[in-house]
Amino acid sequence: VNINEYKLEIGNGKSTHSLSFDDLTEKYQSHTITSTLACSGNRRGAMNNEEQGTIRGAPWYVGAIGNARWT
């Protein structure tokens, strides 16, 4: 990606707004958040039982969770 030519386009179906890298770094203040993302299939291995049957996909137990700081 050529950062000098790339444009971020944000739209809602009615209108679209285009932002350059300079727009993002000069016109807007940065913010940092810490978030936790959990996979919707987390603990899927525990769902494999006689009552529910066999769940498709990797039999994950715990661990499909991550923490990140985004700026």
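The values are calculated or read from the model by the stated rules, or taken from the named source; none is laboratory data. Here the structure is a predicted model, which is why all the values come from computation and not from measurement. We place every Cβ from the backbone using ideal geometry, glycine too, and count neighbours over all the protein chains shown. Note: areas computed on protein heavy atoms with side chains; ligands, DNA, RNA excluded. Shrake-Rupley method; radii C 1.70, N 1.55, O 1.52, S 1.80 Å.
The helix-only estimate of mean residue ellipticity at 222 nm for the chain, built from DSSP H runs of length n ≥ 4 each weighted as -39500 (n - 2.57), is -2000 deg cm²/dmol after division by the residue total. For the set K14, K27, K7, solvent exposure ranked by accessible area (probe 1.4 Å, protein chains only) runs largest to smallest as K14, K27, K7. Placing unit charges on the Cβ atoms of the charged side chains and taking the dipole of the chain about its Cα centre, the candidate lying farthest along the positive direction among T54, F21, V1 is T54.
Per residue, the solvent-accessible area of the chain (1.4 Å probe, heavy atoms of protein chains only, all protein chains present) comes to 91 Å². Using Cβ point charges alone (K and R +1, D and E -1), the dipole size of the chain about the Cα centre works out to roughly 200 debye. How fast does the chain diffuse by Stokes-Einstein, in µm²/s, taking the Kirkwood radius from C-alpha pairs at 20 °C and 1.002 mPa s? Taking Rh from Cα pairs, D becomes 131 µm²/s.
Taking all protein chains in place and a 1.4 Å probe, what share, in percent, of the accessible surface of the chain do carbon and sulfur account for? Summing carbon and sulfur atoms, their accessible area is 51 percent of the total for the chain. Volume of the convex hull of the stretch 31-70 (Cα atoms only), normalised per residue: 63 Å³. Computed from the C-beta positions of T16 and A58 and an R0 of 30 Å, the FRET efficiency is 0.20 to the nearest 0.05.
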